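Everything on this sheet refers to the single structure shown next.
Coordinate-derived values only; no laboratory data. Since this is a predicted model, take the numbers as computed values, not measurements. Please note: Cβ atoms are built from the backbone with ideal geometry, for glycine as well, and neighbour counts cover all protein chains shown.
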Amino acid sequence: MANTSMASIVAGIEAEVFAAVTAHGPLQSRHEAYAVIKKELDEFWDLVKLDPCKPMRHPTKGHFMSAAEWKGEVATELQQTAATCIRAIYDLRLRDA
């Protein structure tokens with residue numbers, strides 16, 4: 001996430017929403033939405049627990065990360081969490097209507 005203007009962040013989240021819908025289709029229930037949101041949030045939490053001032057091993061990929069890569073990974077996980085929340089709002093509102 002090189003550009004951190006609000007517009008570019010929102011555009012990145014929007015792109016993530018469409019990529020996820022294309023790859024996985026709509027969320028089918030509140031339970032599925034919760035599980036996917038929790039998964040994304042847990043991935044963010046795994047990164048939060050790392051100390052960027054010390055050598056860091058990526059919690060899921062296993063390689064060592066620089067502080068710059070860590071920042072990018074944190075931003076990516078937050079973007080994916082936000083995208084999943086938006087998907088849940090959209091998918092579940094349509095289903096409950």
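Descriptive notes on the structure:
- Principal axis box of the range 1-52, alpha-carbon based, largest edge first, Å: 35, 28, 16
- Across the range 6-96, the convex hull enclosing all Cα atoms gives 98 Å³ per residue.
- Placing +1 on each Lys and Arg Cβ and -1 on each Asp and Glu Cβ, with no other charges, gives the range 1-91 a dipole about its Cα centre of roughly 180 debye.
- For the chain, the relative contact order works out to 42 percent when only alpha carbon pairs closer than 8 Å and six or more residues apart are counted.
- The stretch between I9 and V48 holds 12.1 nm of extra length on full extension. This uses 0.36 nm per residue minus the Cα-Cα distance.
- Sorting K39, K49 by the number of Cβ atoms found within 10 Å of their own Cβ, with the fewest placed first, yields K49, K39.
- Under 26 Å from the Cα of K54 - lysines, other chains or at least 8 residues apart: K39, K71
- Amide H contacts under 5 Å for M56: M65, restricted to partners 5 or more places along the chain or on a different chain, H placed in the peptide plane at 1.01 Å from N.
- Degrees between helix 67-96 axis and first principal axis of the chain (Cα, 0 to 90, nearest 10): 10
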